[in-house]
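The structure appears right after this line, and notes come after that.
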Amino acid sequence: MKILFLTNIPSPYRVDFFNELGKLAELTVLFETAASDERDSSWKRYHFANFQGIVMKGKKTSKNTAFCSEVIKYLRRKWDHIIVADATTRTGMLAIQYMKDRRIPYWIEGDGGFAKTGKGFKERIKRHFISGAKGYFSTSKAHDNYYLAYGADSSRIHRYPFTSISNEYIKQAQNFTGSDRQSLREELDMTEKSVILSVGRFSYKEGYGKGYDILLRIAESMGEEYGVFIVGDEPTSEFLQWKEERHLSNVHFVGFKQRDELAKYYAASDVFVLLSRGEAWGLVINEAMAHGLPIVASDRCVAATELIENGGNGYVVSLDNEDDVEKKLRQSIDNRQLLGLASQKRIGAYTIEKMAERHYEILLNA
(Lines give C-alpha, C1' and ligand atoms only; values in the text may rest on other atoms or scores of the structure.)
Protein backbone atom coordinates (compact mmCIF):
# COMPACT_ATOMS: atom_id res chain seq x y z
CA MET A 1 0.00 0.00 0.00
CA LYS A 2 1.45 3.35 -1.09
CA ILE A 3 0.40 6.30 1.07
CA LEU A 4 1.09 10.02 0.61
CA PHE A 5 0.63 12.13 3.73
CA LEU A 6 0.61 15.96 3.73
CA THR A 7 1.27 17.93 6.92
CA ASN A 8 2.90 21.17 8.05
CA ILE A 9 5.94 20.35 10.22
CA PRO A 10 7.81 17.25 11.43
CA SER A 11 6.72 17.53 15.06
CA PRO A 12 8.26 14.83 17.28
CA TYR A 13 5.05 12.93 17.98
CA ARG A 14 4.04 12.98 14.32
CA VAL A 15 7.43 11.67 13.22
CA ASP A 16 7.07 8.85 15.77
CA PHE A 17 3.67 8.03 14.27
CA PHE A 18 5.01 8.12 10.71
CA ASN A 19 7.86 5.80 11.67
CA GLU A 20 5.29 3.33 13.02
CA LEU A 21 2.94 3.63 10.03
CA GLY A 22 5.96 3.22 7.75
CA LYS A 23 6.45 -0.27 9.17
CA LEU A 24 3.03 -1.24 7.82
CA ALA A 25 2.92 0.54 4.45
CA GLU A 26 5.09 2.36 1.89
CA LEU A 27 4.77 5.88 3.27
CA THR A 28 5.85 9.25 1.89
CA VAL A 29 5.27 12.39 3.97
CA LEU A 30 5.42 15.94 2.61
CA PHE A 31 6.17 18.69 5.13
CA GLU A 32 5.45 22.35 4.37
CA THR A 33 8.39 23.59 6.43
CA ALA A 34 11.23 22.14 8.52
CA ALA A 35 10.19 23.50 11.93
CA SER A 36 7.92 25.84 13.84
CA ASP A 37 9.36 29.22 14.82
CA GLU A 38 7.60 29.07 18.21
CA ARG A 39 8.82 25.67 19.36
CA ASP A 40 11.86 24.58 21.35
CA SER A 41 14.96 23.48 19.42
CA SER A 42 14.27 19.86 20.43
CA TRP A 43 11.48 19.87 17.84
CA LYS A 44 14.13 20.22 15.15
CA ARG A 45 15.78 16.91 16.05
CA TYR A 46 13.98 14.11 14.24
CA HIS A 47 14.81 10.96 12.31
CA PHE A 48 12.89 9.64 9.31
CA ALA A 49 13.57 5.94 9.88
CA ASN A 50 10.74 3.99 8.24
CA PHE A 51 9.28 6.46 5.75
CA GLN A 52 10.38 8.94 3.12
CA GLY A 53 10.12 12.42 4.57
CA ILE A 54 10.34 15.39 2.20
CA VAL A 55 10.54 18.98 3.43
CA MET A 56 9.21 21.02 0.53
CA LYS A 57 10.51 24.42 -0.52
CA GLY A 58 8.00 27.19 -0.23
CA LYS A 59 7.22 30.66 1.05
CA LYS A 60 6.63 30.84 4.80
CA THR A 61 3.06 31.93 5.55
CA SER A 62 3.05 31.59 9.35
CA LYS A 63 5.21 30.29 12.19
CA ASN A 64 4.59 26.69 11.15
CA THR A 65 3.18 26.72 7.62
CA ALA A 66 4.40 27.55 4.12
CA PHE A 67 2.92 27.78 0.63
CA CYS A 68 4.50 25.00 -1.41
CA SER A 69 3.35 24.82 -5.02
CA GLU A 70 5.62 21.82 -5.63
CA VAL A 71 3.03 19.69 -3.83
CA ILE A 72 1.34 19.34 -7.23
CA LYS A 73 4.16 17.26 -8.73
CA TYR A 74 3.75 14.70 -5.97
CA LEU A 75 -0.03 14.57 -6.37
CA ARG A 76 0.47 13.58 -10.01
CA ARG A 77 2.11 10.33 -8.98
CA LYS A 78 0.25 7.08 -8.35
CA TRP A 79 -0.86 6.53 -4.74
CA ASP A 80 -3.27 4.13 -3.10
CA HIS A 81 -4.25 6.78 -0.56
CA ILE A 82 -3.57 10.49 -0.04
CA ILE A 83 -4.12 12.02 3.41
CA VAL A 84 -4.21 15.79 4.01
CA ALA A 85 -3.61 16.65 7.66
CA ASP A 86 -3.88 20.42 7.25
CA ALA A 87 -6.88 21.07 5.04
CA THR A 88 -6.98 24.84 5.63
CA THR A 89 -3.34 25.83 5.14
CA ARG A 90 -2.55 27.36 1.76
CA THR A 91 -0.68 24.26 0.67
CA GLY A 92 -3.46 22.02 1.95
CA MET A 93 -6.11 24.02 0.10
CA LEU A 94 -4.07 23.99 -3.11
CA ALA A 95 -3.69 20.22 -2.85
CA ILE A 96 -7.37 19.64 -2.16
CA GLN A 97 -8.54 21.91 -4.96
CA TYR A 98 -6.19 20.16 -7.39
CA MET A 99 -7.60 16.78 -6.36
CA LYS A 100 -11.20 18.00 -6.45
CA ASP A 101 -10.77 19.29 -9.99
CA ARG A 102 -9.28 15.96 -11.13
CA ARG A 103 -11.53 13.68 -9.08
CA ILE A 104 -8.59 12.26 -7.14
CA PRO A 105 -9.84 10.66 -3.91
CA TYR A 106 -8.26 11.97 -0.71
CA TRP A 107 -8.63 11.74 3.05
CA ILE A 108 -8.64 14.52 5.66
CA GLU A 109 -7.15 14.17 9.11
CA GLY A 110 -6.87 16.44 12.13
CA ASP A 111 -6.05 16.36 15.83
CA GLY A 112 -9.50 17.52 16.90
CA GLY A 113 -11.44 20.74 17.14
CA PHE A 114 -14.72 22.49 17.83
CA ALA A 115 -16.86 23.80 14.98
CA LYS A 116 -17.65 27.51 14.83
CA THR A 117 -20.89 29.12 13.71
CA GLY A 118 -20.53 28.22 10.04
CA LYS A 119 -21.44 31.79 9.14
CA GLY A 120 -19.30 34.20 7.17
CA PHE A 121 -16.93 34.02 4.22
CA LYS A 122 -14.10 32.21 6.01
CA GLU A 123 -16.48 29.55 7.27
CA ARG A 124 -17.82 28.96 3.75
CA ILE A 125 -14.26 28.59 2.50
CA LYS A 126 -13.55 26.06 5.23
CA ARG A 127 -16.68 24.10 4.30
CA HIS A 128 -15.62 24.01 0.66
CA PHE A 129 -12.25 22.45 1.46
CA ILE A 130 -13.38 20.08 4.19
CA SER A 131 -16.44 18.64 2.44
CA GLY A 132 -16.11 16.06 -0.30
CA ALA A 133 -13.27 13.90 1.05
CA LYS A 134 -13.24 10.14 0.60
CA GLY A 135 -12.89 9.76 4.35
CA TYR A 136 -12.10 11.56 7.58
CA PHE A 137 -9.84 10.52 10.45
CA SER A 138 -11.43 11.73 13.69
CA THR A 139 -10.13 11.79 17.27
CA SER A 140 -13.41 12.17 19.15
CA LYS A 141 -17.14 12.89 19.16
CA ALA A 142 -16.36 16.62 19.19
CA HIS A 143 -14.16 16.12 16.14
CA ASP A 144 -16.94 14.16 14.41
CA ASN A 145 -19.23 17.14 14.95
CA TYR A 146 -16.56 19.47 13.57
CA TYR A 147 -16.43 17.52 10.32
CA LEU A 148 -20.22 17.26 10.12
CA ALA A 149 -20.59 21.02 10.59
CA TYR A 150 -18.42 21.56 7.51
CA GLY A 151 -20.21 19.15 5.21
CA ALA A 152 -18.69 15.72 5.87
CA ASP A 153 -20.75 12.57 5.33
CA SER A 154 -21.12 10.82 8.71
CA SER A 155 -20.58 7.40 7.11
CA ARG A 156 -17.10 8.48 6.02
CA ILE A 157 -15.85 9.47 9.49
CA HIS A 158 -13.47 7.01 11.15
CA ARG A 159 -12.09 7.21 14.70
CA TYR A 160 -8.47 6.73 15.67
CA PRO A 161 -6.66 7.06 19.04
CA PHE A 162 -4.72 10.33 18.88
CA THR A 163 -1.62 10.40 21.05
CA SER A 164 2.04 11.30 21.40
CA ILE A 165 3.06 8.40 23.63
CA SER A 166 4.33 4.92 22.84
CA ASN A 167 4.09 1.58 24.62
CA GLU A 168 7.61 2.20 25.91
CA TYR A 169 6.64 5.65 27.23
CA ILE A 170 3.77 4.13 29.22
CA LYS A 171 6.08 1.45 30.62
CA GLN A 172 8.63 4.07 31.71
CA ALA A 173 5.88 6.27 33.15
CA GLN A 174 4.59 3.41 35.27
CA ASN A 175 8.10 2.84 36.60
CA PHE A 176 8.29 6.54 37.49
CA THR A 177 4.95 6.33 39.25
CA GLY A 178 6.47 3.79 41.61
CA SER A 179 9.33 6.14 42.48
CA ASP A 180 9.79 7.72 45.90
CA ARG A 181 7.54 10.77 45.52
CA GLN A 182 8.96 12.49 48.55
CA SER A 183 12.51 12.23 47.16
CA LEU A 184 11.32 13.63 43.84
CA ARG A 185 9.62 16.54 45.60
CA GLU A 186 12.80 17.34 47.49
CA GLU A 187 14.77 17.22 44.23
CA LEU A 188 12.23 19.53 42.51
CA ASP A 189 11.92 21.86 45.52
CA MET A 190 8.22 21.10 46.02
CA THR A 191 7.58 22.09 49.63
CA GLU A 192 3.79 22.30 49.71
CA LYS A 193 1.65 19.47 51.08
CA SER A 194 -0.21 18.97 47.77
CA VAL A 195 1.01 19.61 44.22
CA ILE A 196 -1.10 20.75 41.26
CA LEU A 197 0.63 20.56 37.87
CA SER A 198 -0.11 22.26 34.55
CA VAL A 199 1.93 22.21 31.35
CA GLY A 200 1.75 24.73 28.50
CA ARG A 201 3.37 27.65 26.77
CA PHE A 202 3.24 31.23 28.03
CA SER A 203 2.50 34.28 25.92
CA TYR A 204 -0.22 36.87 26.24
CA LYS A 205 -2.41 34.79 23.98
CA GLU A 206 -1.40 31.37 25.32
CA GLY A 207 -1.24 32.48 28.95
CA TYR A 208 -4.90 33.42 28.88
CA GLY A 209 -5.77 30.72 26.35
CA LYS A 210 -4.38 28.10 28.74
CA GLY A 211 -6.44 29.54 31.57
CA TYR A 212 -3.47 30.50 33.73
CA ASP A 213 -5.35 33.57 34.96
CA ILE A 214 -8.01 31.24 36.36
CA LEU A 215 -5.37 28.94 37.82
CA LEU A 216 -3.65 31.82 39.65
CA ARG A 217 -6.95 32.93 41.18
CA ILE A 218 -7.63 29.36 42.31
CA ALA A 219 -4.09 29.08 43.74
CA GLU A 220 -4.74 32.17 45.84
CA SER A 221 -8.06 30.80 47.04
CA MET A 222 -6.75 27.32 47.92
CA GLY A 223 -3.93 28.62 50.07
CA GLU A 224 -0.24 28.00 50.64
CA GLU A 225 -0.51 24.26 51.35
CA TYR A 226 -1.38 23.71 47.68
CA GLY A 227 1.55 24.25 45.33
CA VAL A 228 0.78 25.13 41.71
CA PHE A 229 3.57 24.30 39.26
CA ILE A 230 3.31 25.56 35.66
CA VAL A 231 5.84 23.95 33.30
CA GLY A 232 6.35 25.69 29.97
CA ASP A 233 8.26 28.60 28.54
CA GLU A 234 9.01 31.77 30.51
CA PRO A 235 5.94 33.58 31.89
CA THR A 236 5.08 37.03 30.61
CA SER A 237 5.79 40.08 32.77
CA GLU A 238 2.10 40.40 33.50
CA PHE A 239 1.95 37.00 35.20
CA LEU A 240 5.19 37.63 37.07
CA GLN A 241 3.78 40.89 38.38
CA TRP A 242 0.52 39.18 39.31
CA LYS A 243 2.39 36.57 41.36
CA GLU A 244 4.43 39.24 43.14
CA GLU A 245 1.57 41.63 43.89
CA ARG A 246 -0.71 38.89 45.23
CA HIS A 247 2.15 37.25 47.19
CA LEU A 248 1.51 33.89 45.57
CA SER A 249 4.45 32.01 47.02
CA ASN A 250 2.68 28.74 46.21
CA VAL A 251 2.76 29.45 42.44
CA HIS A 252 5.89 28.27 40.65
CA PHE A 253 6.80 29.05 37.02
CA VAL A 254 9.13 26.21 36.14
CA GLY A 255 10.10 26.98 32.54
CA PHE A 256 10.59 24.53 29.68
CA LYS A 257 11.56 20.94 30.49
CA GLN A 258 12.61 18.09 28.24
CA ARG A 259 10.41 15.00 28.32
CA ASP A 260 12.61 13.03 30.74
CA GLU A 261 12.72 16.00 33.12
CA LEU A 262 8.97 16.58 32.81
CA ALA A 263 8.36 12.94 33.82
CA LYS A 264 9.64 13.78 37.31
CA TYR A 265 7.07 16.57 37.67
CA TYR A 266 4.25 14.25 36.63
CA ALA A 267 5.40 11.57 39.09
CA ALA A 268 5.74 14.04 41.98
CA SER A 269 2.33 15.71 41.51
CA ASP A 270 -1.11 14.94 42.91
CA VAL A 271 -3.30 16.17 40.05
CA PHE A 272 -2.90 17.53 36.53
CA VAL A 273 -4.97 20.52 35.42
CA LEU A 274 -5.53 22.04 31.96
CA LEU A 275 -7.96 24.96 31.87
CA SER A 276 -7.70 25.77 28.16
CA ARG A 277 -10.29 28.04 26.63
CA GLY A 278 -9.87 26.22 23.32
CA GLU A 279 -7.72 23.15 22.67
CA ALA A 280 -7.87 21.03 19.51
CA TRP A 281 -6.74 18.10 21.64
CA GLY A 282 -4.25 18.55 24.53
CA LEU A 283 -1.56 15.86 24.35
CA VAL A 284 -0.21 16.70 27.80
CA ILE A 285 -3.35 15.05 29.16
CA ASN A 286 -2.26 11.77 27.53
CA GLU A 287 1.16 12.10 29.16
CA ALA A 288 -0.24 12.95 32.60
CA MET A 289 -2.62 9.98 32.47
CA ALA A 290 0.26 7.66 31.59
CA HIS A 291 1.94 8.81 34.81
CA GLY A 292 -1.10 7.90 36.85
CA LEU A 293 -2.51 11.36 37.55
CA PRO A 294 -6.14 12.39 38.01
CA ILE A 295 -7.08 15.00 35.40
CA VAL A 296 -9.12 18.19 35.81
CA ALA A 297 -9.62 19.88 32.45
CA SER A 298 -11.99 22.27 30.75
CA ASP A 299 -14.85 21.26 28.49
CA ARG A 300 -13.16 23.31 25.74
CA CYS A 301 -10.35 20.78 25.56
CA VAL A 302 -11.16 17.88 23.20
CA ALA A 303 -8.90 15.41 25.02
CA ALA A 304 -10.81 16.11 28.21
CA THR A 305 -14.18 15.35 26.65
CA GLU A 306 -12.83 12.12 25.16
CA LEU A 307 -10.50 10.76 27.85
CA ILE A 308 -11.99 11.85 31.17
CA GLU A 309 -14.77 9.95 32.88
CA ASN A 310 -16.23 12.28 35.51
CA GLY A 311 -15.49 10.84 38.91
CA GLY A 312 -13.64 7.95 37.30
CA ASN A 313 -10.22 9.35 36.42
CA GLY A 314 -10.88 13.06 36.94
CA TYR A 315 -13.36 15.77 36.03
CA VAL A 316 -14.39 17.85 33.02
CA VAL A 317 -15.15 21.36 34.25
CA SER A 318 -16.67 24.57 32.98
CA LEU A 319 -14.48 27.66 33.13
CA ASP A 320 -17.55 29.70 34.04
CA ASN A 321 -17.59 28.09 37.49
CA GLU A 322 -14.22 28.62 39.17
CA ASP A 323 -15.55 27.47 42.55
CA ASP A 324 -16.38 24.10 41.00
CA VAL A 325 -12.93 23.87 39.40
CA GLU A 326 -11.37 24.36 42.84
CA LYS A 327 -13.73 21.80 44.35
CA LYS A 328 -12.83 19.21 41.70
CA LEU A 329 -9.11 19.83 42.24
CA ARG A 330 -9.53 19.15 45.97
CA GLN A 331 -11.57 16.02 45.30
CA SER A 332 -8.98 14.74 42.83
CA ILE A 333 -6.15 15.25 45.32
CA ASP A 334 -8.10 13.45 48.04
CA ASN A 335 -8.67 10.49 45.69
CA ARG A 336 -5.37 10.61 43.82
CA GLN A 337 -4.55 6.91 43.88
CA LEU A 338 -7.95 5.60 42.77
CA LEU A 339 -8.42 8.19 40.01
CA GLY A 340 -4.80 7.89 38.91
CA LEU A 341 -5.02 4.12 38.44
CA ALA A 342 -8.10 4.65 36.28
CA SER A 343 -6.13 7.16 34.17
CA GLN A 344 -3.34 4.66 33.55
CA LYS A 345 -5.82 1.97 32.58
CA ARG A 346 -7.71 4.27 30.20
CA ILE A 347 -4.65 5.61 28.38
CA GLY A 348 -3.35 2.13 27.52
CA ALA A 349 -5.49 2.20 24.37
CA TYR A 350 -3.85 5.46 23.21
CA THR A 351 -0.37 4.63 21.95
CA ILE A 352 1.57 5.50 18.80
CA GLU A 353 1.54 1.83 17.86
CA LYS A 354 -2.26 1.57 18.11
CA MET A 355 -2.63 4.89 16.27
CA ALA A 356 -0.62 3.51 13.31
CA GLU A 357 -2.43 0.16 13.36
CA ARG A 358 -5.81 1.89 13.29
CA HIS A 359 -4.83 4.05 10.32
CA TYR A 360 -3.64 1.01 8.42
CA GLU A 361 -6.83 -0.90 9.26
CA ILE A 362 -9.06 1.94 8.06
CA LEU A 363 -7.16 2.38 4.79
CA LEU A 364 -6.96 -1.37 4.14
CA ASN A 365 -10.74 -1.72 4.49
CA ALA A 366 -11.59 1.45 2.57
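Which residue is nearest to TYR13 (Cα to Cα), if the candidates are limited to region 146-159 and must be surrounded by fewer than 19 Cβ atoms within 10 Å (Cβ to Cβ) and in contact with a Lys or Arg (Cβ under 9 Å, 6 or more places away or on another chain)?
ARG159
What number goes with the only condition from (1) surrounded by fewer than 17 Cβ atoms within 10 Å (Cβ to Cβ); (2) more than 24 Å from TYR136 (Cβ to Cβ) that ARG77 does not pass?
Looking at each condition in turn, ARG77 falls short on (2).
Quick check, is GLU225 farther than 27 Å from VAL317 by Cβ and surrounded by fewer than 19 Cβ atoms within 10 Å (Cβ to Cβ)? Can you show your working first?
Numbers: farther than 27 Å from VAL317 by Cβ: no; surrounded by fewer than 19 Cβ atoms within 10 Å (Cβ to Cβ): yes.
No: the conditions fail for GLU225.
What are the residues in region 253-272 that are in a strand (DSSP E or B) and touching a residue at least 60 places away in the same chain (Cβ under 8 Å), if any? Step through it out loud before you land on a result.
Of region 253-272, the ones in a strand (DSSP E or B) are 253-255, 271-272.
Selection gives VAL271, PHE272.
Mind checking whether some residue in region 229-239 is modelled with pLDDT under 95, over 27 Å from GLY112 (Cα atoms) and among the hydrophobic types (A, V, I, L, M, F, W, C)?
yes
Would you be able to say whether some residue in region 180-197 is outside the structural domain of THR89 (by TED's automatic domain parsing), of a type in the set (A, V, I, L, M), crowded, with 17+ Cβ neighbours inside 10 Å and part of a loop (DSSP other than H, G, I, E, B)?
As a first pass, look at region 180-197 and keep what is outside the structural domain of THR89 (by TED's automatic domain parsing): 180-197.
After this cut, where a residue has to be of a type in the set (A, V, I, L, M) as well, the list is 184, 188, 190, 195-197.
Those left that are additionally crowded, with 17+ Cβ neighbours inside 10 Å: 184, 188, 190, 195-197.
From what's left, part of a loop (DSSP other than H, G, I, E, B): 188, 190.
Yes, because at least one residue in region 180-197 is outside the structural domain of THR89 (by TED's automatic domain parsing), of a type in the set (A, V, I, L, M), crowded, with 17+ Cβ neighbours inside 10 Å and part of a loop (DSSP other than H, G, I, E, B).
Considering only region 111-138, how many residues are modelled with pLDDT of 95 or more and among the polar types (S, T, N, Q)?
Total satisfying the criteria: 2.
Being under 14 Å from VAL296 (Cβ atoms) and either in a loop (DSSP other than H, G, I, E, B) or under 17 Å from the mean Cα position of the chain (by Cα) (or both) is the filter here; which residues of region 201-219 pass it? Walk me through how you get there before you give the answer.
Our first condition is that a residue be under 14 Å from VAL296 (Cβ atoms); within region 201-219, this holds for 210-211, 214-215, 218-219.
Residues satisfying the conditions are LYS210, GLY211.
Hey, can you tell me all the residues within region 82-121 that are among the charged types (D, E, K, R) and farther than 19 Å from ASN64 by Cβ?
Here is the first cut: in region 82-121, the ones among the charged types (D, E, K, R) are 86, 90, 100-103, 109, 111, 116, 119.
Correct list: LYS100, ASP101, ARG102, ARG103, LYS116, LYS119.
For region 84-95, indicate whether the set of residues that are of a type in the set (Asp, Glu), in contact with a Gly (Cβ under 7 Å, 6 or more places away or on another chain) and within 23 Å of ALA25 (Cα to Cα) is non-empty.
Taking region 84-95 and keeping what is of a type in the set (Asp, Glu), we get 86.
Imposing the further condition that a residue be in contact with a Gly (Cβ under 7 Å, 6 or more places away or on another chain) reduces the set to 86.
Of the ones still in play, those that are also within 23 Å of ALA25 (Cα to Cα) are 86.
Yes - at least one qualifying residue is present in region 84-95.
Condition first: in contact with a helix residue (DSSP H, G or I) (Cβ under 6 Å, 6 or more places away or on another chain) and either buried (at least 24 other Cβ atoms within 10 Å of the Cβ) or part of a strand (DSSP E or B) (or both). Now tell me which residues in region 275-285 satisfy that.
Result: LEU275, TRP281, GLY282, ILE285.
Would you check which residues across region 8-39 are in contact with a strand residue (DSSP E or B) (Cβ under 6 Å, 6 or more places away or on another chain), at pLDDT below 95 and surrounded by fewer than 19 Cβ atoms within 10 Å (Cβ to Cβ) and list them?
ALA34 - this is the single residue of region 8-39 that is in contact with a strand residue (DSSP E or B) (Cβ under 6 Å, 6 or more places away or on another chain), at pLDDT below 95 and surrounded by fewer than 19 Cβ atoms within 10 Å (Cβ to Cβ).
If you take the residues in region 309-366 that are under 27 Å from LYS23 (Cα atoms) and aromatic (Phe, Trp, Tyr), which one is nearest to the chain's Cα centre (by Cα)?
The residue in question is TYR350.
Find the residue count for region 118-149, including only residues that are over 23 Å from the mean Cα position of the chain (by Cα) and of a type in the set (Ser, Thr, Tyr).
Number of matching residues: 1.
Give the residue that is nearest to ALA85 (Cα to Cα), with candidates limited to residues of region 55-75 that are hydroxyl-bearing (Ser, Thr, Tyr) and out of contact with any Lys or Arg (no Cβ under 6 Å at 6 or more places or on another chain). If you could, list the steps in order and put the result at the bottom.
Residues of region 55-75 hydroxyl-bearing (Ser, Thr, Tyr): 61-62, 65, 69, 74.
Among the residues that remain, those that are also out of contact with any Lys or Arg (no Cβ under 6 Å at 6 or more places or on another chain) are: 62, 65, 69, 74.
Details: SER62: 16, THR65: 12, SER69: 17, TYR74: 16 Å.
Among those that are hydroxyl-bearing (Ser, Thr, Tyr) and out of contact with any Lys or Arg (no Cβ under 6 Å at 6 or more places or on another chain), it is THR65.
Would you check which residues across region 97-145 are of a type in the set (Val, Ile, Thr), surrounded by 15 or more Cβ atoms within 10 Å (Cβ to Cβ) and not in a loop (DSSP other than H, G, I, E, B) and list them? Before you say what the answer is, go through the steps one by one.
Of the residues in region 97-145, the ones of a type in the set (Val, Ile, Thr) are 104, 108, 117, 125, 130, 139.
Filter once more, so that each one left must be surrounded by 15 or more Cβ atoms within 10 Å (Cβ to Cβ): 104, 108, 130, 139.
Scanning region 97-145 gives ILE108, ILE130.
Return only the number of the condition from (1) part of a helix (DSSP H, G or I); (2) of a type outside the set (D, E, K, R); (3) surrounded by fewer than 16 Cβ atoms within 10 Å (Cβ to Cβ) that HIS247 does not satisfy.
(1)
May I ask you to say which residue of ILE165, ILE125 is among the β-branched types (Val, Ile, Thr) and under 25 Å from TYR360 (Cβ atoms)? Give the steps one after another, and end with the answer.
Values: ILE125 fails: under 25 Å from TYR360 (Cβ atoms).
Unique residue meeting the criteria: ILE165.
The values are calculated or read from the model by the stated rules, or taken from the named source; none is laboratory data. Treat the numbers as computed from the prediction; the structure is a model and nothing was measured. Glycine also receives a Cβ, built like all others from the backbone with ideal geometry; neighbour counts cover every protein chain displayed.
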